[in-house]
Structure formats: C-alpha cells, structure tokens
Amino acid sequence: MNKIEELYYTDLDKLTSAAAEVCGRYFGSSVYLRGLIEFSNHCSMDCHYCGIRKSNYRAARYRMDEEEILSVIRCWHEQGLRTFVLQSGEDPLISVTRLCRLAEKIKNITGEKSALTLSCGIFTKKQFKELKNAGCDRYLMRFETSDERLYSRIRNGLKLKDRVNALYDLREAGIETGSGFMTGLPGETDETRIGNIKLCKKLELNMIGLGPFIPHPHTPLAYVSQESIDHAIRCLAIIRILMPGANIPATTATGSLDPSGREKMLSAGANVLMPNITPDKYKKDYLLYPGKICLNEPGSECIDSITMRMASTGKKLDWSRGDSLSWSQLNEQ
Ligand code: 5AD
C-alpha cells in the first residue's frame, strides 16, 4: 500500500486528529473568512447533479447587475472582509470583458490588500491571463470527480481532461488555483476517492473545496441515495496531511447535510469559512442542492453565527486576506 492508501484506511478519529495537528502547525487557530457573492444563477451547462443546470426550468433565474455587486463589496469591505469570492453559473451573458471590468472596479474599491476570487466556469488560457491582469487573484473550478467515465456521465458528455488542462492553464496564468470534488456520487468507490485525493496533489492546488453530493429533486440524479459526510471528512483530513499549506474551506454542503458538519471539518483540518453575503432576495435561488443553510439570514447574522460556532472548536476568525502558503514557501521551510 502506498502512503495515500495507508492513510485512507486509517481509523477516522486518528486521521482527523493528525490532520488537526498539521493544520494547527501551519495556521495556528486562525480560520480565514471569505465573503461569497453568488451573482448569477444562469447556466449554459447541464450537469446532472446541479440544481441550476440549464434544463431545470423550475429554477428562478437572476443576474445581479454591476452596481449591485459593487455595493455589496463596498459594504463588506468597510466591515473588514478582505477576500471576496464571486461565483456564478456559466452565464452566456457574462463575458470575459465584462468580468474584467468588474474585477477592475472591485480592485479600485478594495485595493491590493484584498483578494478577489472568481468561480464562473471554464475559460481559455488567454482569457484567464486577461482576468489575472484585471485583478483576479484566485480562481475556483472543481474537477468534481477523478473518474473519467463518471465525470462524462454527470457532466453531460464533457471530458475530465479538458477540465484538468484548464486548471493547469490557471496556474500558468499566475492565478492561485482552487479545485476539488464531491463525495458520494453514484458509482463512486474508495478507488475514486483515492484518485480524487491524488489528483488534488498532482495539480498542486492552492485551495481545495470538497463536500458531500446532495441529490436535488429537479435533476436526473434526484433518486440517488444520500451518503453521510464521513467520506468528505476523511478525504479532507488526508488532503490536509498531504498538502499542509493549502487553504481548505469547511463547506456549506457539509454544514447543510449535518448541522455540525462545518465544525467537524474545522476539527479535521479545514482553515477557511465562506459566509454567504449574497443579497437575501437572490440567495434562495442559488440552489445547487436542497436544504442549503444560511438562506434566511443576512450575511451579518451568518458571520455572527459562525463566530459563535467557532468558540466550540477553539478557533478564531481571521479577517486578513489569507493567501495560501505557496509550494515554494513550503519548500523553503
Ligand atoms: N450537491 C453538492 N454539491 C454540489 N455542487 C453542485 N451541485 C451539487 C449538489 N447537488 C457543487 C459542485 C460545484 C460547486 C459549485 O458546487 O462541486 O462545483
């Protein structure tokens, strides 16, 4: 058995304590905050797992305009947030030119001491470079699963290798790269999850987001049975041990499936929380999966409740920009 396999079959409690220890060594008790704005749920993709897929005609579609987005950023920048994550579906009306203009305006408001993360789907290397020049520091694009056949099946015929190549393009464009996967997809096995962990490592990701797949009633995967969050916790712990300097969020999907899911992730090596600061009137329509938490509370309450929950894990919120420790920094240690 190689190291990853050995870790994979280790007792879960042992694994999470080892991961928590590594996390503490690299990040102390700090948990970085990222303000998440889900600015459009239009999507031209038809992923079988996702509630905002093109074919879900029941989804109420919205697109925030530039001024609405900027006013959320102004408000939260004043309150101290230093990282903003702008996420959307693959919205055909949001061109790279439009995203670049948005990034420039955001940077004018927040300055260089803040980081801007985008998560708006796949682009070409040239387009990623344009985004970088406009002020995009980080980009999130999950590979969802490392199993090529499963990937094609759940992403309506798309190819995993195109996704992986785009992740390399991001890195070459000088953007901090984030990816990750879901656990509990239909047909997934231990080998798939081990493959997912290996792919994160191979891609030398700066940020890794993972969480349980939650079947959405208005998608082709509606009738898949729900797995617990344990696979996600196990994978997270292993990834923290193997990639100690990466930024790893305690994800909303995990907190949605298990009321203490995010705390469990923070105790298993996660070091990031992403409060949802999307305006209330839109939040409820960014429903990738059912049962999503924080839909009925404004961003400020979301942060308050996170702060309270932190107390139970012995961690403290860190409002700084929180760059990932780069691979070169780690190599110098
Ligand atoms: N359950 C859990 N996570 C989901 N995502 C999309 N649909 C679901 C679902 N039904 C995740 C995907 C995507 C990210 C934005 O949200 O991993 O990349």
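The values are calculated or read from the model by the stated rules, or taken from the named source; none is laboratory data. A quick note: this is a predicted structure, and the numbers were derived from the prediction, not measured. Cβ: placed from backbone, ideal geometry, glycine included. Neighbour counts: every protein chain shown.
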Open item on the list: Cβ-Cβ distance below 9 Å, separation of 6 or more or different chains: which pairs start in region 274-303 with a residue that is touching a residue at least 60 places away in the same chain (Cβ under 8 Å) and under 23 Å from Tyr32 (Cβ atoms) and end on one that is of a type in the set (Gly, Ala, Ser) and part of a loop (DSSP other than H, G, I, E, B)?
Closed with: Met274/Ala250; Tyr286/Gly51; Tyr286/Gly89; Leu288/Gly51
- [ ] Those residues that are without any contact (Cβ under 8 Å) to a residue 60 or more places away in the chain and of a type outside the set (Asp, Glu), I need them from region 66-78; list them, please.
- [x] Ile69, Leu70, Ser71, Ile73, Arg74, Cys75, His77
Task: Answer residue from region 116-131, given it is more than 12 Å from the ligand (Cβ to nearest atom) and surrounded by 20 or more Cβ atoms within 10 Å (Cβ to Cβ) and is nearest to Asn206 (Cα to Cα) among those - done: Thr117
TODO: Considering each of Arg138, Arg153 in turn, give the residue that is more than 13 Å from the ligand (Cβ to nearest atom), touching a residue at least 60 places away in the same chain (Cβ under 8 Å) and either crowded, with 20+ Cβ neighbours inside 10 Å or over 18 Å from Leu185 (Cβ atoms) (or both).
DONE: Arg138
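Let's see how each residue does on (1) over 30 Å from Asn56 (Cα atoms); (2) within 13 Å of the ligand (Cβ to nearest atom):
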site: Thr192; (1), (2): no, no
site: Ile197; (1), (2): yes, no
site: Lys201; (1), (2): yes, no
site: Met243; (1), (2): yes, no
site: Thr252; (1), (2): no, yes
TODO: Hey, can you tell me all the residues within region 95-113 that are assigned to a loop (DSSP other than H, G, I, E, B) and either within 18 Å of the chain's Cα centre (by Cα) or closer than 23 Å to Glu172 by Cβ (or both)?
DONE: Ser95, Glu112
Open item on the list: Any residue that is within 16 Å of the ligand (Cβ to nearest atom), under 22 Å from Asp280 (Cβ atoms) and within 20 Å of the chain's Cα centre (by Cα) - is there at least one of those in region 51-74?
Closed with: yes
- [ ] Residue by residue through region 318-333, note down the ones that are at pLDDT 80 or above and either farther than 15 Å from Pro275 by Cα or crowded, with 16+ Cβ neighbours inside 10 Å (or both).
- [x] Asp318, Arg321, Gly322, Asp323, Ser324, Leu325
TODO: Please enumerate the residues belonging to region 156-187 that are over 17 Å from Cys120 (Cα atoms) and either under 16 Å from the mean Cα position of the chain (by Cα) or within 13 Å of the ligand (Cβ to nearest atom) (or both).
DONE: Met182, Thr183, Gly184, Leu185, Pro186
Open item on the list: Taking the criterion of being closer than 22 Å to Lys284 by Cβ and surrounded by 22 or more Cβ atoms within 10 Å (Cβ to Cβ), would at least one residue in region 94-115 satisfy it?
Closed with: no
Open item on the list: Can you pull out every residue in region 210-234 that is among the hydrophobic types (A, V, I, L, M, F, W, C), out of contact with any Ser or Thr (no Cβ under 6 Å at 6 or more places or on another chain) and within 13 Å of the ligand (Cβ to nearest atom)?
Closed with: Leu210, Phe213, Ile214, Leu221, Ala222, Val224
TODO: Return a yes/no flag: does region 99-110 have any residue that is touching a Gly at 6+ places or on another chain (Cβ under 8 Å) and within 16 Å of the ligand (Cβ to nearest atom).
DONE: no
Task: Selection count where residues are part of a helix (DSSP H, G or I) and either among the aromatic types (Phe, Trp, Tyr) or in contact with an Asp or Glu (Cβ under 8 Å, 6 or more places away or on another chain) (or both), scope region 114-135 - done: 3
Open item on the list: Please go through region 44-65 and give me each residue that is under 21 Å from Met141 (Cβ atoms) and free of Cβ contacts under 8 Å to residues at least 60 places away in the same chain, ordered by number.
Closed with: Ser44, Lys54, Arg63
